[in-house]
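Taking it in order: structure first as structure tokens, then the write-up.
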Amino acid sequence: MTSPEPAAGAPSQQTSSASSGEHSHVPGAGLTQYEIRGAAESDLDAIAEFEIEIAKVSFSDDAIVDPALHKRRVAGSLSKPGEVMLVAEAAQGTLIGWAWLSPRTNSLTGARYGNFRSLAVADIPDRSHVGELLLAAVLRAAADAGLTQLTGKVHARNLGMRALYRKFGFEAAHLTMEVRLPPGGGATS
């Protein structure tokens, strides 16, 4: 079987061991190996499931859970220049994580930045470690692309992602406030 082509902007393949905090291969240690590689069209089914899980965490009952819609949205960006779309793959070939960063340009200043769109990891014992590997790979790809600022939204209740962002130096910059209006309009006070 041939290796899938990486998404545009994806870094070269990297392998890391899954020991706590260790980000390099330890030969003969018997540790599970994870490969971070560019996403490919053959990964779309698994990526759609990750996107559905992100939607459930972010939007609860309003989550869009149609796999076909998520596959179309991701597939449409696979070949776009500058997109950083990475997957984490376990030694047996199972996709266990997904990350997505899109390049953006500030319409007022012209400054280029990265918009962190997705990061999800399967519920596995090394979940935090795999999340760190994915985020580190995204940051490397963003730096290689010349981006100097990244932004990312995270749901207030998503404590795991908030902690991961903080671990990598992200700081809260904006707060989005939301209200649900009853049918017929009018905010309650």
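Data overview
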| item | result |
| --- | --- |
| Filter result (in contact with a Gly (Cβ under 9 Å, 6 or more places away or on another chain) and either on the phi > 0 side of the Ramachandran plot or of a type in the set (S, T, N, Q) (or both)) within the stretch 98-140 | S102, N115, S128 |
| Boolean, R157 is part of a helix (DSSP H, G or I) and over 26 Å from E89 (Cβ atoms) | no |
| Residue in the stretch 35-48 that is at positive phi and surrounded by 14 or more Cβ atoms within 10 Å (Cβ to Cβ) present | no |
| Number of the condition not met by S118 [criteria: (1) free of Cβ contacts under 8 Å to residues at least 40 places away in the same chain; (2) surrounded by 12 or more Cβ atoms within 10 Å (Cβ to Cβ); (3) not β-branched (V, I, T)] | (1) |
| S107 of a type in the set (S, T, N, Q) and more than 26 Å from A156 (Cβ to Cβ) | yes |
| Members of the stretch 83-105 that are surrounded by fewer than 18 Cβ atoms within 10 Å (Cβ to Cβ) and either farther than 20 Å from T176 by Cβ or not polar (S, T, N, Q) (or both) | A91, Q92, G93, T94, R104, T105 |
| Hits in the stretch 122-152 (condition: buried (at least 19 other Cβ atoms within 10 Å of the Cβ), within 16 Å of A88 (Cβ to Cβ) and in contact (Cβ under 8 Å) with a residue 40 or more places away in the chain) | D126, H129, V130, L133, L134, A137, V138, A141 |
| Looking only at the stretch 155-168, and only at residues there that are of a type in the set (A, V, I, L, M) and in contact (Cβ under 8 Å) with a residue 40 or more places away in the chain, the one that is surrounded by the fewest Cβ atoms within 10 Å (Cβ to Cβ) | L164 |
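Each reported figure results from applying straightforward, stated rules to the coordinates on display, with no laboratory input. Keep in mind that this is a model prediction, so the values were computed, not measured. Cβ coordinates were reconstructed from backbone atoms using ideal geometry, including for glycine residues, and neighbour counts include every protein chain displayed.
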